[in-house]
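K.L.:
Below is one structure. I have some questions about it.
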Ligand code: ACO
């Protein structure tokens, strides 16, 4: 399809809840140490949601900032897409709950369940709706509240997650804009769907006394197997984006990947042969906020004047599904 218009990111925003839980706090909750968490993951602290908050509240706070930054009025938004696997409810979608909180109605709002790749999947959909002329300003949010579904009897997963949201406005660019969403690359390999799963709570295994007793409403993950898949799949989407757009890795200003494990980020950076100084990392502050890691880090990097207008930013993520996705933008 030949695009009628060009899509760009016109605003970003982020929100993390106030409560900070550091690795020493974690030592009191599970059989772990600050040293293990730091050396095996790169994480130092994470934010936990307050009792009276839910995922849509995180979305709302991040969205307000992104709308303000983009210079549009909330009523100019004509679609909302939320990437999440820990929405307020199984249904309705968190996007519809967010639409109400923003005081909006009368346009499509839906969630994307692609694990940590949710925001990139959502950005790819938004790009297409803007390019084909159907939409002008799409609110895309990656938001997660995984700390409410932590399996506290599994130290291998309990220490990894934090809560937060990152929001982005994808708008129609005009002919004078240098900013644009250049390309996206999405994939999935469902043969591995059980490597990262919340086994109960869906229609296959509805809530029962047994499912609660056996902790089946929590995160179950085979971290080791996912680790290998993560590096391979993120490398593959980055490679496709670079080749398809005739770019050498040297021309990339910033590599921004899913913040799940510092060792995964390092391994990908090495495989891509990108200068270490060009790799954006904030995992130490927020841990793995799943679909929110990249939009949070992007917003921070823009506000810190690391990412500047005209920079080429290559993003990549992987997650439950198993999914993977890449996004190439000129900011
Ligand atoms: N504290 C102390 N020791 C621990 C902890 C902990 N929190 N967790 C595990 N260990 C121990 C294990 O018991 C094991 O001990 P043993 O050797 O005596 O048996 C040892 O550490 C090594 O365990 P591994 O699981 O092999 O540790 P690994 O180095 O692989 O790190 C981790 C585990 C951090 C989970 C890593 O595999 C990883 O990051 N995987 C990818 C996770 C991921 O990215 N998931 C997808 C995104 S999430 C999403 O989509 C929602």
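K.L.:
What does the highest-first list of 169-177, 320-328, 245-253 look like by mean Cβ count within 10 Å?
P.N.:
Sorting 169-177, 320-328, 245-253 by mean packing, highest first, produces 320-328, 169-177, 245-253.
K.L.:
Still on this structure, please answer the following. How much length would be gained if the chain were fully extended between residue 249 and residue 132, taking 0.36 nm per residue of separation minus their Cα-Cα distance, in nm to one decimal?
P.N.:
Residue separation times 0.36 nm, minus the Cα-Cα distance, leaves 39.2 nm.
K.L.:
Right, next: Write down the percent of antiparallel bridges among all DSSP beta bridges whose residues are both part of the chain, to the nearest 5. Numbers along the way, then the final one.
P.N.:
On the way: 38 of 53 bridges.
For the chain, the DSSP antiparallel bridge percentage is about 70.
K.L.:
Points 7 angstrom from Cα along the Cβ direction at residue 76 and residue 284: gap in nanometres?
P.N.:
With each label placed 7 Å out from Cα toward Cβ, I get 3.8 nm.
K.L.:
So if the hydrodynamic radius of the chain is defined as the Kirkwood radius over C-alpha pairs, what does Stokes-Einstein give as its diffusion coefficient at 25 °C and 0.890 mPa s, in µm² per second?
P.N.:
Numbers: Rh = 19.7 Å.
Reported coefficient: 124 µm²/s.
K.L.:
Can you give me the distance in nm between label points at residue 107 and residue 227, each placed 7 Å from the Cα along the Cα-to-Cβ direction?
P.N.:
Distance between the two pseudo-spin positions: 4.4 nm.
K.L.:
For residue 306 and residue 273 in one chain, what is 0.36 nm times their gap in residues minus the Cα-Cα distance, to one decimal in nm?
P.N.:
Result: 9.8 nm gained on full extension.
K.L.:
Between residue 20 and residue 2, what is 0.36 nm times their sequence separation minus the Cα-Cα distance? Round to one decimal in nm.
P.N.:
Working: separation 18, 0.36 × 18 = 6.48 nm, distance 4.69 nm.
Length difference between fully extended and current span is 1.8 nm.
K.L.:
Ok, one more. Need one number: % antiparallel among DSSP beta bridges in region 7-172, to the nearest 5.
P.N.:
Within region 7-172, antiparallel bridges account for around 70 percent of the total.
Each value in this text was obtained by applying a stated rule to the coordinates, not by laboratory testing. Computed from a predicted structure; not experimentally measured. Every residue, glycine among them, receives a Cβ derived from its backbone with ideal geometry; neighbour counts consider all protein chains shown.
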